[in-house]
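The values are calculated or read from the model by the stated rules, or taken from the named source; none is laboratory data. Keep in mind the model is a prediction, meaning the values are calculated, not measured. FYI the Cβ positions are ideal-geometry reconstructions off the backbone, even for glycines, and counts take in every protein chain you see. Heavy atoms of the whole protein, side chains included, go into the accessibility calculation; ligands, DNA and RNA do not. Shrake-Rupley method; radii C 1.70, N 1.55, O 1.52, S 1.80 Å.
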Amino acid sequence: MGTINYDEMLKLENQLCFPLYAAARQVTGLYTPYLKELGLTYTQYIVFLVLWEQDGIPVGELGRRLYLDNGTLTPLLKKLETAGYLTRARDTSDERVVTVSLTEKGRALKEQAKEIPLKIGSCIKLSEEEAQGLYILLYRLLRGE
């Protein structure tokens, strides 16, 4: 077994984490002009993506779906609730569970956001096969496979 070259290991160009981080920031940045028109941040947008798919979801499930902890999610949900986009209510059968539901204003936002995925897709220069392969690999990483 050879000796470990720590200098090589510590080069930025040899870190898998760096291109993942930089690419994520770059792709997220593509959303900024479209989300700014709606008055949303990227994190708020992904909350809406889940709620438009499954309204009336427990906060814990929302956090699991978005890979966000309660410390990040709670202030975000409070802000969206104050803006009139959603409501939070304790489950009557289990006070520990808080359910998040869209208001009419939150549901109406879906119509304004419907073209964002197409706009972003046209900005990312990957073939359909490359995009699908990347999608599969990234979810394997997220699931710890």
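Counting only alpha carbon atoms, the long axis of helix 128-142 and the longest principal axis of the chain meet at about 80°.
Axis angle, to the nearest 10 degrees, between helix 42-53 and the longest C-alpha principal axis of the chain: 60 degrees.
Using a probe of 1.4 angstrom and keeping all protein chains present, the accessible surface of the stretch 1-72 works out to 71 square angstrom per residue. If contacts are Cα pairs under 8 angstrom and at least 6 residues apart, what is the relative contact order of the chain in percent? Relative contact order here is 19 percent. GNM remark for the chain: springs join alpha carbons under 10 Å apart, and the peak mean-square fluctuation among Thr28, Thr92, Thr103 falls on Thr92.
Modelled label positions at Thr3 and Tyr21, each set 7 Å beyond Cα in the direction of Cβ, lie 2.9 nm from each other.
Within the chain, the longest run free of trypsin sites (Lys or Arg not before Pro) that sit in a DSSP loop with at most 16 other Cβ atoms within 10 Å is 12-95.
Taking Cα atoms, how many degrees apart are the long axis of helix 104-113 and the longest axis of the chain, rounded to 10 and kept between 0 and 90? The answer is roughly 40 degrees. Could you calculate the FRET efficiency of Glu61 with Ala108 from 1/(1 + (r/R0)^6), where r is the beta carbon distance between them and R0 is 30 Å, rounded to 0.05? Plugging the Cβ-Cβ distance into 1/(1 + (r/R0)^6) gives 0.80. Here, the stretch 50-145 has an Rg and a Dmax of 16.4, 49 Å when only alpha carbons are counted.
Cross-linked pairs Lys78/Lys125; Lys78/Lys110; Lys105/Lys125: Cα-Cα separations exceed 28 Å for Lys78/Lys125; Lys105/Lys125.
So what is the 222 nm mean residue ellipticity for the chain from helices alone, if each DSSP H run of at least 4 adds -39500 (n - 2.57) and you divide by all residues, rounding to the nearest 500 deg cm²/dmol? Value at 222 nm, helices only, nearest 500: -19500 deg cm²/dmol. Each label point was placed 7 Å from the Cα along the Cα-to-Cβ direction; for Cys123 and Thr74 their separation is 3.3 nm.
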